[in-house]
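**Student:** Before we start, here is the structure in question, set down as structure tokens.
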Amino acid sequence: MRGVRVKWHACISSSIIGWHSTVGQWARVDNMTILGEDVHVCDEIYSNGGVVLPHKEIKSNILKPEIVM
């Protein structure tokens with residue numbers, strides 16, 4: 001996607017990353033996680049099936065599928 005930044009050692013599996021989003025170092029995005037436009041996942045964060053609406057910053061782990069508004 002246009003403008004997406006995936007930093008060193010990040011892992012993205014079976015997920016959708018929106019435009020202009022960032023996945024931090026050593027972050028793991030799994031299990032059909034969907035990130036909206038301009039979402040920033042901080043370093044060393046784990047997302048397990050979260051749906052994140054646009055223009056958010058994720059600073060804590062998402063351990064079970066949920067919507068982040």
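**Student:** Sort out which residues of segment 22-39 are under 19 Å from Ser60 (Cβ atoms), touching a Gly at 6+ places or on another chain (Cβ under 8 Å) and part of a loop (DSSP other than H, G, I, E, B), and write them in order of number. Don't jump to the end; show me each part of the working.
**Tutor:** Taking segment 22-39 first, the residues under 19 Å from Ser60 (Cβ atoms) are 22-31, 33-36, 38-39.
Within this subset, residues satisfying the condition of being touching a Gly at 6+ places or on another chain (Cβ under 8 Å) are 30-31, 33-36, 38-39.
Within segment 22-39, Asn31, Thr33, Gly36, Asp38, Val39 meet the criteria.
**Student:** Anything in segment 18-41 that is of a type outside the set (Val, Ile, Thr) and more than 14 Å from Arg2 (Cα to Cα)? List them, or say none.
**Tutor:** Gly24, Gln25, Trp26, Ala27, Arg28, Asp30, Asn31, Met32, His40
Just so you know, all these numbers are worked out from the coordinates, no wet-lab data involved. None of these values were measured; they are calculated from a predicted model. With ideal geometry, Cβ positions are generated from the backbone for all residues, glycine too; neighbour counts draw on all protein chains shown.
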